[in-house]
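None of the figures in this text is laboratory data; all of them are computed from the coordinates on show. Computed from a predicted structure; not experimentally measured. Glycine gets a Cβ as well: all are built from the backbone with ideal geometry, and neighbour counts include every protein chain shown.
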């Protein structure tokens with residue numbers, strides 16, 4: 001019963017927080033100069049004043065701010081995210097169209113970064129001052145500090161232009177004909193470069209964190225005990241130490257779920273990846289309030305779900321968590 | 001003035017277009033998938049309710065207009081096989097292709113033309129195109145007569161390109177709002193050479209050949225895939241490695257030069273006259289020192305056009321001296337070019353009463369327009385004006401709406417801007433100079449310029465059907481504006497078409513680039 005009421009309180013707070021975020025952002029967008037009708041005019045190469053006034057009236061943009069805000073919040077409360085002014089379609093439909101591409105990109109990149117990062121971290125933790133460790137540190141910091149659009153363009157020039165292994169842009173080649181397998185391979189080929197660019201930022205975080213926690217764990221008493229028992233080295237490292245060192249890494253991965261929107265914007269732009277990041281960016285530039293707030297709403301949901309998943313995974317990996 | 005074009009003339013017109021192309025010896029081949037690219041997702045695919053170049057690229061394939069234009073700015077038959085303008089200029093009669101059908105097989109009738117005109121009048125952003133049209137008569141299924149309140153020469157260009165798309169009444173006349181009609185982006189029933197297969201916003205538009213197109217043997221292509229790639233560097237790489245065959249409206253000098261050097265790639269600046277893009281320095285003539293015409297002239301003399309064209313634009317852009325695009329037959333290049341003359345600029349500023357005071361005359365702001373690639377020109381102007389003692393502060397604007405708001409409400413001193421002619425001056429030029437259009441939002445008369453003679457000239461020219469007289473009126477207009485400098489013209493935006501060696505008859509003939517049908521484009525083996 002305690003547990004249930006705890007969950008209910010958390011959900012209640014989450015809803016209040018979400019509403020506060022929506023109101024705040026609605027206000028912020030409203031305060032920015034210009035509105036979506038200007039962007040619509042831009043997309044049309046200009047428009048006569050009467051046309052602009054007509055569109056403003058139709059979208060209710062000529063109404064007082066409080067009226068616009070309350071109508072919007074009222075609609076959200078009835079689970080209607082509204083209609084995108086700029087894209088001329090329901091926001092929910094628009095977001096659902098884009099979300100698979102982003103999830104594919106971000107999750108693949110996260111898994112890759114986590115997997116490679118942990119391996120690199122462990123390797124360098126075993127010989128903290130070795131050549132390999134220094135190399136890993138350098139490599140990770142380089143990936144972290146290089147701007148992702150620069151890495152992306154560089155990868156494009158190398159692997160799409162000079163060595164033509166991977167396609168330049170988009171998620172699929174519509175001129176490719178064939179069955180499901182052919183299309184799967186096609187998407188995979190398009191995925192490689194964006195994933196590497198995006199993973200290069202996260203890699204540093206994971207490898208540094210894994211290295212630090214591994215160093216700490218390797219110095220702890222039970223590891224010394226395990227070694228004293230005469231267990232083989234790899235068993236000590238991978239079975240005893242690594243399992244304990246993983247908790248912070250998983251927590252970090254959970255926090256990174258917010259990157260679904262933020263981290264992917266640049267990579268999506270460079271590779272014309274049809275995801276949520278580019279949509280969010282373009283909607284902000286276009287002052288397309290319903291779309292921006294809709295994306296915010298969805299990413300908040302993703303973060304909440306992501307946190308739940310993280311909790312769950314932590315409990316699985318670390319028995320100490322289950323006791324709580 | 002009677003203008004009748006027979007089928008015979010039409011045939012010769014097509015032959016002559018093919019013959020003037022670079023590939024005169026080659027016979028066009030049927031089939032193939034052309035992959036082209038757009039820089040952003042079109043809001044709407046129906047050009048009757050939305051303008052703009054991305055809507056145009058798709059819209060002009062899906063929907064046909066009555067006319068098309070050749071590179072000499074001569075109207076050619078398209079959906080209208082012939083047309084007449086009555087002697088008093090008040091009736092324009094269109095004779096439609098008799099075997100033309102919409103993509104659902106329904107015949108294209110004169111009532112559809114009447115319906116399309118009504119929708120465009122009500123929903124298209126450019127009101128001036130059809131505002132003089134009082135009614136459309138339909139004496140028979142294949143004849144539409146546009147009745148005009150006064151002679152309206154701009155109508156000819158307004159009936160071509162993407163500007164007058166004929167849409168089916170039986171689809172769009174169902175009572176739903178045409179602007180947000182569900183069939184604008186899905187299950188589109190068009191009148192053009194290609195029909196819509198799939199539109200995925202953010203990814204691509206796929207179109208395929210419409211087998212029932214009235215012109216036998218056209219279009220040549222089986223399919224057109226228009227991909228959406230916002231990043232210009234990514235577009236360039238995709239062109240170089242052959243993923244994309246054709247890209248239009250590319251205007252970044254560095255990329256133009258890179259493509260000129262690329263193997264198997266051709267670069268052309270032709271075919272953009274109708275679009276008519278011009279870069280300029282807008283000056284708010286209603287406040288500060290800019291109210292004085294001598295200050296504005298001094299600014300023009302202080303800027304080295306040669307440096308802009310050769311160094312900043314790297315030789316990719318044509319010069320523009322007036323608000324009419326240099327490719328237009330109405331362009332008047334015989335005006336003051338304001339060749340660099342620092343002494344004269346200084347003298348004019350002294351005369352205007354802005355004496356040099358410790359190396360400085362006055363402060364002024366210059367907005368940095370948030371379009372990609374406009375920073376170098378803006379920074380050069382700041383530096384050039386500092387030489388005559390004008391201290392320029394550059395205001396960076398974060399994004400388009402912020403900038404548009406400043407411009408639309410005339411809350412600026414100077415700004416670079418890029419404005420398109422859209423065919424006839426009545427459509428895209430008048431809006432910048434008419435005193436009745438001051439501060440009516442972005443790309444209106446944001447300079448606050450007002451000159452009674454200019455208003456009169458533009459009003460007369462709008463109704464003058466005699467081409468020679470009309471040209472003279474516009475020549476005088478360009479002369480006056482050039483002298484009063486509410487705007488200093490920088491260059492004709494270096495719009496370029498990049499096309500691979502594989503493309504036959506690329507869309508560089510004509511005046512509308514890819515905002516016109518690609519029915520004659522073909523792919524080599």
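What to note about this one:
- The length gained on full extension between residue A:229 and residue A:181, counted as 0.36 nm times the residue separation minus their Cα-Cα distance, comes to 12.2 nm.
- Chain B, relative contact order in percent, only Cα pairs under 8 angstrom and at least six apart counted: 21 percent
- For B:73, A:150, order by how many other beta-carbon atoms lie within 10 Å, fewest first: A:150, B:73
- Each label point was placed 7 Å from the Cα along the Cα-to-Cβ direction; for residue A:154 and residue B:306 their separation is 4.1 nm.
- Highest-fluctuation residue, A:121, A:179, A:170 considered, GNM on chain A with Cα pairs under 10 Å: A:179
- Gyration tensor (alpha-carbon) shape descriptor, chain B, a/c threshold 1.5: prolate
- Highest-fluctuation residue, A:48, A:173, A:35 considered, GNM on chain A with Cα pairs under 10 Å: A:48
- Folded to 0 to 90 degrees: helix B:293-302 orientation relative to chain B principal axis, Cα: 80 degrees
- Potential extension, residue A:16-residue A:238 segment - 0.36 nm per residue separation minus Cα distance: 75.6 nm
- Full-extension gain in nm, residue B:524 to residue B:469, via 0.36 nm per residue minus C-alpha separation: 15.2 nm
- Helical runs assigned H by DSSP (4 residues or longer) give chain B a calculated mean residue ellipticity at 222 nm of -8000 deg cm²/dmol, each run adding -39500 (n - 2.57) before division by the residue total.
- Mean residue ellipticity at 222 nm, helices only, chain A: -24000 deg cm²/dmol; runs of at least 4 DSSP H residues each add -39,500 (n - 2.57), and the sum is divided by the number of residues.
- Angle between chain B longest axis and helix B:342-351 axis [Cα atoms, degrees, rounded to 10]: 70 degrees
- Helix B:375-386 axis, angle to chain B major axis (alpha carbon atoms, nearest 10°): 30 degrees
- Among A:272, B:328, A:247, the ranking by other beta carbons within 10 Å of each residue's beta carbon, starting with the fewest, stands as A:247, B:328, A:272.
- Whether region A:213-302 is rounded, prolate or oblate, judged on the alpha carbon gyration tensor where a/c under 1.5 counts as rounded: prolate
- Contact order for chain A, expressed relative to its length and based on alpha carbon pairs under 8 Å spaced 6+ residues apart, stands at 24 percent.
- Mean separation of Cα pairs under 8 Å and 6 or more residues apart, divided by the residue count, gives region A:2-90 a relative contact order of 25 percent.
- Three-way shape call for chain A based on the alpha-carbon gyration tensor, with the a/c threshold at 1.5: oblate
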